[in-house]
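Beneath this line is the structure, given in structure tokens, with notes to follow.
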Amino acid sequence: MKPGNWSQVTEFIILGFPHLQGVQAFLFLLLLLIYLTTILGNLLIFLVVCLDSRLHTPMYRFFSMLSLLELGYTAATIPKMLSNLLSEKKTISFSGCLLQIYFFHSLGATECYLLTAMAYDRYLAICQPLHYPTRMTPALCLKIAVGCWLGGLAGPVAEISLVSHLPFCGPNNIQHIFCDFPPVLSLACTDTSINVLVDFIINSCKILATFLLILSSYVHIICTVLRIPSAAGKRKAFSTCASHLTVVLIFYGSILFMYVRLKKSYSLDYDRALAVIYSVLTPFLNPFIYSLRNKEIKEAVRRQLKRTGILE
């Protein structure tokens, strides 16, 4: 198609789950309940760690940072998803779509880096316990946190820049539950092989590199734990990693299949299901995984509730 024949698209229509049109109200209530629980759960963990001096350790500071991150991560997509479930016109502007993609991917990248930092923290605590207090200092924790955020915010800039220069001349129906690179690229009126390649390279480096670093940390952790003579010692060591490892498996298990692939064609329902897992369910489950499996956080919540008079 010649450039002169292009009619530039100024907005997109997010189709969501077109096969579930008859249960929009139920899906709205369910998603709203999940979102409110996600906000309350992550906000509770963040505030408890900030307010309780006994939790001012590197591990719990990373927990609080992850909870704060999840608040922003879900805010990038779920409010618009809720609006679309009730609206007849499920549209989003071109610039709004790019902003949603940017914040979703930048915060997702920040989560990858933060989960890697948490794995390194557990590696130092279990494999090098004598050096842990001098190595994992508050200053280092702050530098790691800043590095995770800066790295995440810079991550999608090149991809967003490339997409913003693509011509879109219709159709404008996004076959997904929110704006994302693969479904948006499929609507471009020109060859997007460069975009797909750049997207694949960046995601492969970002996701695979952090996943392999986490895997390496846990290989060393497992080897160290297996050398502990007592069963009680092994259980205690593994218990400090169980929550983090559970989150890693859920989060990476979905994004690896979604983003580390070099192709434009994909199963729409398959991708929508994966998107629900890493954009909705993972942030929803994180507070339960960290609080229900963690004695210190549960005790800290009780102390704060007693302090405020809610719990006698």
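Every read-out reported here was derived from the displayed coordinates using simple, explicitly stated rules and does not represent laboratory data. Source: prediction; values computed, not measured.
Here are the numbers:
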read-out	value
Value of relative contact order over region 148-237, rounded to a whole percent, pairs C-alpha under 8 Å and six or more apart	20
Region 24-308 - percent relative contact order, Cα under 8 Å, separation 6 or more	26
Nearest 10 degrees, 0 to 90: helix 295-308 Cα axis against the chain principal axis	90
Helix 138-154 vs. the chain, principal-axis angle (Cα, 0 to 90°, nearest 10)	10
Contact order normalised by residue count of region 22-170, Cα under 8 Å, 6+ apart, percent	26
Across K90/K143; K80/K206; K143/K306; K234/K298; K143/K295; K236/K306, pairs whose alpha-carbon gap is larger than 30 Å	K90/K143; K143/K306
Those aspartates and glutamates that a straight Cα-Cα span of less than 18 Å connects to K89, excepting residues fewer than 8 apart in one chain	E11
In degrees, nearest ten, helix 94-127 long axis to first principal axis of the chain (Cα)	20
Gaussian network model of the chain, Cα within-10 Å springs - most flexible of T134, T210, T282	T134
Selected from K236, K90, K298 as most flexible by GNM, with the chain as the system and alpha-carbon contacts under 10 Å	K236
Among A75, A231, A158: highest mean-square fluctuation, GNM of the chain, C-alpha pairs under 10 Å	A231
